[in-house]
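The values are calculated or read from the model by the stated rules, or taken from the named source; none is laboratory data. No experiment lies behind these values; they were computed from the predicted model shown. Cβ coordinates were reconstructed from backbone atoms using ideal geometry, including for glycine residues, and neighbour counts include every protein chain displayed.
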């Protein structure tokens, strides 16, 4: 589902002062891309076991307190602390036994204890559970040497979540933790948003499918398979339009078909300034409202984005590392917004550079990097390649993540702290 308008700064007029002239910051590019999309409105109800990997459309609230009753946190003996007279030790008769799932409480006379197992309901006249390791059992009695404090080793009714509280919020992906929490409320079904449909096409007359023979000047289409793998998630339905030659008529027909099919159309290649970079112009001729950005980011400087006949559109660069970085930093966020996923911070760690690097400032860089160990102080150390890397698929395949080099930095020294973004 598209928003009604493009952001007023859609063409990058409000440039931050620290960027080079004609470039927009990465944060601004992300903001403009996210302005294109709103969560898809269609919903469906699924049984909980079918909803794993899907996005919740409504919060799940608990119809009972969590936990629903006071229960023992461990195996031991339940007693009333107010009945312990004097300084101790105390010899208490054991009046009965309660296990998890027992419906009725055991009868206890004043001054007695009850054998209780983990998860069992604590009788209302008891206010402490003493670990079995902290007493001495002798026949039908226990010897207690230390006075327990009230509510020791008892999980109180509603201490995790009160009646009617929100167990899992709207926009959460149903994973193992969420599924367990939802099941604890007794909900057998949940309401989720439908899958986001993402159409993928790769422009380039030189592209061939793996398994086909290569003629001189041709290459295998790696972007297609990288994007399809990135889209292989339960909340996404990928629509593959394959490779399209650099012919405006074929590109126009494919874009039109893709925009009729999908919520988001993603293309690779054809968005720079070369003679065969037709996609932005063709997208406009096909009814699109398209902006061409130059982002203060390396790799991934050129990006086309806008709307195309009711779908959001992102035109990524053709170099495989550049396409990957643009999708990871921008495209994936658009897909998440369309899916209704709650915004989340990307995992980042701080690590030390294993080598120096001299570079031209002005654009932030996301270099493929490997975690190679720890230094003497326990800090993680990362290694990354120097030189050009936007087309080096091998480096990307070997990487543990991307190292972020700030735009204003012209030199990285060995041992400098840098942000590192782990990749799955």
Query - Single unsatisfied condition, residue 49 versus (1) in a helix (DSSP H, G or I); (2) not assigned by TED's automatic domain parsing to the domain that holds residue 173 - result: (2)
Query raised in the report: Can you find a residue in segment 93-108 that is in contact (Cβ under 8 Å) with a residue 40 or more places away in the chain and out of contact with any helix residue (DSSP H, G or I) (no Cβ under 6 Å at 6 or more places or on another chain)?
Result: yes
Query raised in the report: Between a first residue in segment 43-61 that is at positive phi and a second residue that is surrounded by 16 or more Cβ atoms within 10 Å (Cβ to Cβ) and in a loop (DSSP other than H, G, I, E, B), which pairs have beta carbons less than 9 Å apart while being 6 or more apart in sequence or on different chains?
Result: 53/174; 53/233; 53/235
Query raised in the report: How many residues are at pLDDT 95 or above and either outside any strand (DSSP E or B) or over 43 Å from the mean Cα position of the chain (by Cα) (or both) when one looks only at segment 110-121?
Result: 8
**Report entry** Subset of segment 126-151 (residues that are touching a strand residue (DSSP E or B) at 6+ places or on another chain (Cβ under 7 Å), surrounded by 17 or more Cβ atoms within 10 Å (Cβ to Cβ) and in a loop (DSSP other than H, G, I, E, B))
**Finding:** 126, 148
Query raised in the report: Looking at residue 179, is it within 30 Å of residue 49 (Cα to Cα), touching a helix residue (DSSP H, G or I) at 6+ places or on another chain (Cβ under 7 Å), assigned to a loop (DSSP other than H, G, I, E, B) and at pLDDT 95 or above?
Result: no
Query raised in the report: Mind checking which residues of segment 152-168 are part of a loop (DSSP other than H, G, I, E, B) and at negative phi?
Result: 152, 156, 157, 159, 160, 162, 163, 165
Query raised in the report: If only one of 59, 63 is surrounded by fewer than 17 Cβ atoms within 10 Å (Cβ to Cβ) and touching a strand residue (DSSP E or B) at 6+ places or on another chain (Cβ under 9 Å), which one is it?
Result: 59
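Table: residues versus (1) under 30 Å from the mean Cα position of the chain (by Cα); (2) outside the structural domain of residue 395 (by TED's automatic domain parsing); (3) not in a loop (DSSP other than H, G, I, E, B).
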{"residue": "205", "(1), (2), (3)": "no, yes, no"}
{"residue": "211", "(1), (2), (3)": "no, yes, no"}
{"residue": "215", "(1), (2), (3)": "no, yes, no"}
{"residue": "224", "(1), (2), (3)": "yes, yes, yes"}
{"residue": "228", "(1), (2), (3)": "yes, yes, yes"}
{"residue": "232", "(1), (2), (3)": "yes, yes, no"}
{"residue": "240", "(1), (2), (3)": "yes, yes, yes"}
{"residue": "243", "(1), (2), (3)": "yes, yes, yes"}
